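Written below as structure tokens is the structure these notes are about.
Just so it is clear, none of the values below were taken in a lab; they were calculated from the coordinates. All values derive from a computational prediction rather than experimental measurement. Ideal geometry is used to build each Cβ from the backbone, glycine not excepted, and the neighbour counts take in all protein chains shown.
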Amino acid sequence: MGQNEILFERAQKTIPGGVNSPVRAFRQVGGTPRFVTRAQGPYFWDAEDKRYIDLIMSWGPMIAGHAHPEIVEAVKKAAETSFSYGAPTEGEIELAERICQIMPSVEQVRMVSSGTEATMSALRLARGYTGRDLIIKFEGCYHGHADSLLVKAGSGLLTFADSTQNAPSSGGVPHDLVKHTLVLPYNDVAALEEVFAKQGNQVAAVILEPIAGNMNLIKPSQAFLAAMRSLTSQYGSVLIYDEVMTGFRVALGGAQSLQGIAPDLTCLGKVMGGGMPMAAFGGKKEIMSKLAPLGNVYQAGTLSGNPVAVAAGLKTLEIISRAGFYESLTRQTEKLMAGLKQAADEAGIPFAVDSVGGMLGFYFADQVPTSFEAVTKTNIEAFKKFFHLMLDQGVYLAPSAYEAGFTSIAHDDAVVGEIIAAAKNAFKKL
Ligand SMILES: Cc1ncc(COP(=O)(O)O)c(C=O)c1O
């Protein structure tokens with residue numbers, strides 16, 4: 001038995017399923033999860049000292065590459081003066097100011113420790129601000145695991161649970177609560193218009209992944225975004241952009257900067273903490289001022305704005321703000337996707353690719369899907385085989401066909417070339 005298997009067996013005795021977040025368990029693709037011992041740049045090493053090129057990068061955060069020396073230094077320096085105070089620091093102000101500069105729609109921001117907390121709090125705030133209960137989300141979008149949002153919730157839940165229409169995607173979520181969540185198909189303008197025409201004045205918020213990454217990578221149409229912005233404004237509903245994944249990843253200013261949309265609230269996470277537990281929600285001052293201690297919408301956190309996480313976040317934002325960062329990230333990602341597509345074409349395998357900045361999607365299908373339903377019709381069996389053929393060759397893809405992938409600035413030409421060479425071998429064996 002290999003060391004990964006030994007550790008997995010041991011883990012399952014004291015940790016449910018052997019993992020601390022379900023999709024790590026390889027349930028969709030089968031096999032043994034790799035236990036990581038260390039990582040550097042675009043690589044990590046497992047418990048058997050095998051090296052992998054990482055195309056998940058901790059599910060998004062590690063955009064500067066693993067163990068970036070400047071971020072490590074910033075974290076060490078912060079850690080030396082204690083890990084947490086539970087009192088405000090100047091670093092938090094700097095981070096808030098930088099976020100507001102980068103994303104002009106964010107006038108004020110509150111820091112939390114996970115994306116789940118960010119979306120959960122943004123929803124509560126939207127409900128408190130509007131005095132309404134109803135929220136609209138879209139099929140296949142995942143916004144963390146708060147009760148109201150676990151309906152048709154994409155990725156991990158697509159892999160593990162029965163996502164029946166109008167039912168919670170998870171056990172333990174009261175039907176009484178999800179009756180306040182309306183789920184519409186992504187990119188369906190007519191459905192959105194119909195719901196607003198009937199119930200618009202009851203809608204507290206519309207929440208969406210502005211480029212979806214939890215049903216593989218799915219882009220919105222400009223018509224869909226425009227309809228959403230105008231309907232929410234018309235009916236006084238709060239438009240929440242969940243940029244936990246896309247923020248600082250598809251572009252410095254997130255999806256909203258590419259789409260020319262100013263949401264009312266934005267949720268952030270992942271990249272903004274550089275790999276430390278750090279997230280945030282922010283937006284219009286008028287809405288944010290309803291939060292305690294100014295207003296009556298309660299939200300709090302012992303470790304919120306944690307100084308070590310703030311140091312990692314500030315240094316990460318500094319690095320990604322440097323000239324040419326996103327041009328280079330985008331170029332390398334596009335090069336990778338074009339190479340994969342060409343390799344699949346040469347092998348005669350139906351395959352489509354897409355990417356935005358350092359976020360990527362590939363699909364065993366003739367065309368890039370535009371909805372959750374279309375993703376479920378791609379060839380999942382081919383994906384599973386491809387996943388293992390790549391893993392054997394030291395390329396670590398997301399272990400589910402319903403997940404986007406992620407590159408970093410450390411994915412240089414040599415790394416991209418190695419992935420494409422591995423894919424050529426894999427496609428031949430499919
Ligand atoms: C779009 C989106 N929102 C929210 C979350 C939840 O973030 P976290 O896992 O930090 O709770 C995720 C996590 O993958 C996400 O992709």
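Brief remarks follow.
- Value of relative contact order over the range 69-320, rounded to a whole percent, pairs C-alpha under 8 Å and six or more apart: 29
- Length, then width, then depth: along the principal axes, the Cα atoms of the range 1-153 run 57, 41, 27 Å.
- Distance-filtered residues of the range 108-144 - backbone nitrogen under 16 Å, label point 7 angstrom along Lys179 Cα→Cβ: 133-135
- Other residues lying with their Cβ under 14 Å from the Cβ of Phe386 contribute a combined charge of +3, Lys and Arg counting +1, Asp and Glu -1.
- When the chain is treated as a GNM with alpha-carbon contacts under 10 Å, the residue of Ala227, Ala204, Ala262 showing the greatest mean-square fluctuation is Ala227.
- For the range 259-333, the relative contact order works out to 30 percent when only alpha carbon pairs closer than 8 Å and six or more residues apart are counted.
- Fewest-first sequence of Lys77, Lys284 by Cβ atoms within 10 Å of each Cβ: Lys77, Lys284
- Added length on full extension, which subtracts the Cα-Cα distance from 0.36 nm per residue, Lys377 to Ala223: 53.0 nm
- Under 19 Å between alpha carbons - lysine pairs in the range 69-320 that sit 8 or more apart or on different chains: 10
- The range 220-360: C-alpha gyration tensor shape, a/c 1.5 cut-off, then a/b vs b/c: oblate
- Estimated distance in nm for a label pair at Asp413 and Ala338, the labels positioned 7 Å out from Cα along Cα-to-Cβ: 1.3
- Reference-scaled alpha-carbon Rg (2.2 N^0.38 Å with N residues) for the range 69-320: 0.99
- Gyration tensor verdict on the range 67-142 (Cα atoms; rounded if a/c is under 1.5, prolate if a/b is larger than b/c, oblate otherwise): prolate
- ³J(HN,Hα) computed for each position of the range 393-410 - Karplus, 6.51 cos²θ - 1.76 cosθ + 1.60, integer Hz, glycine/proline x: 8, x, 10, 9, 9, 4, x, 6, 6, 9, 10, 6, x, 9, 10, 9, 5, 7
- All Cα-Cα separations within the chain were binned at 10 Å from zero, giving a P(r) of 5, 22, 32, 27, 12, 2, 0, each value a whole percent of the pairs.
- Rounded FRET efficiency, nearest 0.05, which uses the C-beta distance separating Asp49 from Val19 and R0 of 25 Å: 0.75
- For Ala323 and Met1, the difference between the fully extended length at 0.36 nm per residue and the C-alpha to C-alpha distance is 111.1 nm.
- The order of Arg127, Arg110, Arg24, Arg249, going from fewest to most other C-beta atoms within 10 Å of their C-beta, is Arg24, Arg127, Arg110, Arg249.
- Whole-number percent relative contact order across the range 291-430, with pairs defined as alpha carbons under 8 Å at least 6 apart: 24
- Under 12 Å, Cβ to Cβ, from Gly417 - net charge with Lys/Arg +1 and Asp/Glu -1: -1
- For Phe35, the residues 5 or more places off, or on other chains, whose built amide H falls under 5 Å of its own are Ala47.
- Of Glu139, Glu318, Glu80, the one that fluctuates the most in a GNM where the chain has Cα springs shorter than 10 Å: Glu80
- Segment Asn425-Val189, extension gain: residue separation times 0.36 nm, minus the distance between their alpha carbons: 80.8 nm
- Candidates Arg98, Arg322, Arg51, ranked by Gaussian network fluctuation over the chain, Cα under 10 Å, top entry: Arg322
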